[in-house]
Structures are given as C-alpha cells and as structure tokens.
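What follows is a set of notes on a single structure, which appears directly below.
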Amino acid sequence: AVAGQRADVPLIEGHGDTRARWTANLTTFKDKDRIMRGEMPYVEFLFKHDVKADESSLELRLREHIRGRGYGAWVTVATSKSGSYGQCDILNFLDRHLPKSPQSRTQYWRILFADDAAQHKVEAVRKLCWQRGYVLIIHAGGATPVVQTCDTDLNQHVRRDYIAGETKELIAHFQSGEAVPRLREETMIDIMVEVLLPRSMHLRAAEGY
C-alpha cells in the first residue's frame, strides 16, 4: 500500500502467517563411514510459538507427529517465543543429540564447530560439549560463509529442495480450491525430512571438510 494512505490499505487474508517463522538447525558429519553406517546428522525444527503453560502444546503435538512417523532420534522439534535459538534452546538441542556416553577420551575426541553466535559462546554450552566428549571450537566472526560446512555445502541444497517441495504442496492446495493456503507444521517437517533423508546429501556435505 502507498505510504500515508492507511485508510486505503486492503484487508489481507492470512496476515498473521506473514509473522510466522521457524528455524531448521542443521548439522554435518565429517566421518563418511559414520554416515554409511546409517547415522544421520542431527536436525531440529524450532517453531515460533508463545508458550502459555509449562509445555508448548504445539511442541507436544509435533513430537507426537515425529514419533508416529518413525523418523528416529536424529529428528527433534522445539518451540520458542521468537522462533530463533536462545542459549537454553541450544543447550536443549545439544542435550538431545550429543551421545550421553562420551567416547573414550583415551581413544579420541570429537570436535564440534559452531558459528560465532552469542548463544554458542556461553560457558554452559562449552561445558556440556566437554562432558559429552566434544571440544567446542567457534568459527571467527565473518568466517562462517567460507568455513562452516552447513553454509558451504549443505544449506543451499536443502533450501532449494525444500522450496521445490513446499511449492508443489501449495499448488496442490490451490488446485483443491483453497484461496490462501497455509501449510501445517507437520507438513513442513515431512517435506524437510524427505529432503534430508538421501545419504548423498550428507556425503556431499562431508566433502566440505
């Protein structure tokens, strides 16, 4: 609408949907043998949801969906008021996905690279990684686009394939007569998991190391 002509702004159906957001927290593995053995790099979907009780009703619903689909422990879901990760969300993500029994430190450690975000650099995050047998290394500010394998060898492929799957789903909604289609969170998860299931996606990302 033209600035200053507020009285003439048309009512937009689904206006609230333009304020909705969600985040896909993706990871990569360097060890190709680990991928070939069937271990999948961890992924979590964080949806914007204003929690009004002790637990998010949306999160509980989506957890049940993931469980019912049998996706496995590599896929988790969470919610936050902003739809972005804070310190507590990062700690929860690591607690869910890093092995509870750390690898024998007399044999080897694993290194966990993370980008230069404030919530990654708190002592609690470093301590949790250390307790699980991981050394946390933070990429320097501005270096992520050229050294972080999620950015260099994964995200662009995931984004392309997800948009294609989402567009196909929205077209189907249009064809069924829905004027302003909106995908359910369950459908978004299903599309993203379908994108991430091919082993080739993760082997290609491993090349980035």
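The values are calculated or read from the model by the stated rules, or taken from the named source; none is laboratory data. Quick caveat: nothing in here was measured; it's all calculated off a predicted structure. Cβ sites come from the backbone with ideal geometry, for glycine too, and all protein chains shown count toward neighbours. Heads up: the accessible areas ignore ligands, DNA and RNA and are worked out on the full protein's heavy atoms, side chains in. Shrake-Rupley method; radii C 1.70, N 1.55, O 1.52, S 1.80 Å.
Here are a few things to note about the model shown:
- Of the residues ARG132, ARG126, ARG96, ARG110, the single one that is more than 19 Å from the chain's Cα centre (by Cα) and closer than 24 Å to ARG63 by Cβ is ARG132.
- Against the numbered list (1) open to solvent by less than 40 Å² (accessible area, probe 1.4 Å); (2) part of a loop (DSSP other than H, G, I, E, B), TYR71 comes up short only at (1).
- Given (1) closer than 16 Å to ALA24 by Cα; (2) modelled with pLDDT of 95 or more, index of the condition ASP95 fails: (1)
- Look at (1) out of contact with any Leu (no Cβ under 8 Å at 6 or more places or on another chain); (2) in a helix (DSSP H, G or I); (3) under 22 Å from LEU46 (Cα atoms) and you find that ILE189 fails only one, number (1).
- Condition check for LEU136: surrounded by 12 or more Cβ atoms within 10 Å (Cβ to Cβ) and either within 23 Å of PHE47 (Cβ to Cβ) or touching a residue at least 60 places away in the same chain (Cβ under 8 Å) (or both): no
Residue-wise test of (1) part of a helix (DSSP H, G or I); (2) more than 27 Å from LYS32 (Cβ to Cβ); (3) open to solvent by 40 Å² or more (accessible area, probe 1.4 Å).
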site: LEU112; (1), (2), (3): no, no, no
site: LYS127; (1), (2), (3): yes, yes, yes
site: GLN156; (1), (2), (3): yes, no, yes
site: ARG160; (1), (2), (3): yes, no, yes
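- The set of residues in the range 192-209 being open to solvent by less than 80 Å² (accessible area, probe 1.4 Å), among the aliphatic types (A, V, I, L, M) and within 24 Å of PHE47 (Cα to Cα) consists of MET192, VAL193, VAL195, LEU196, MET201.
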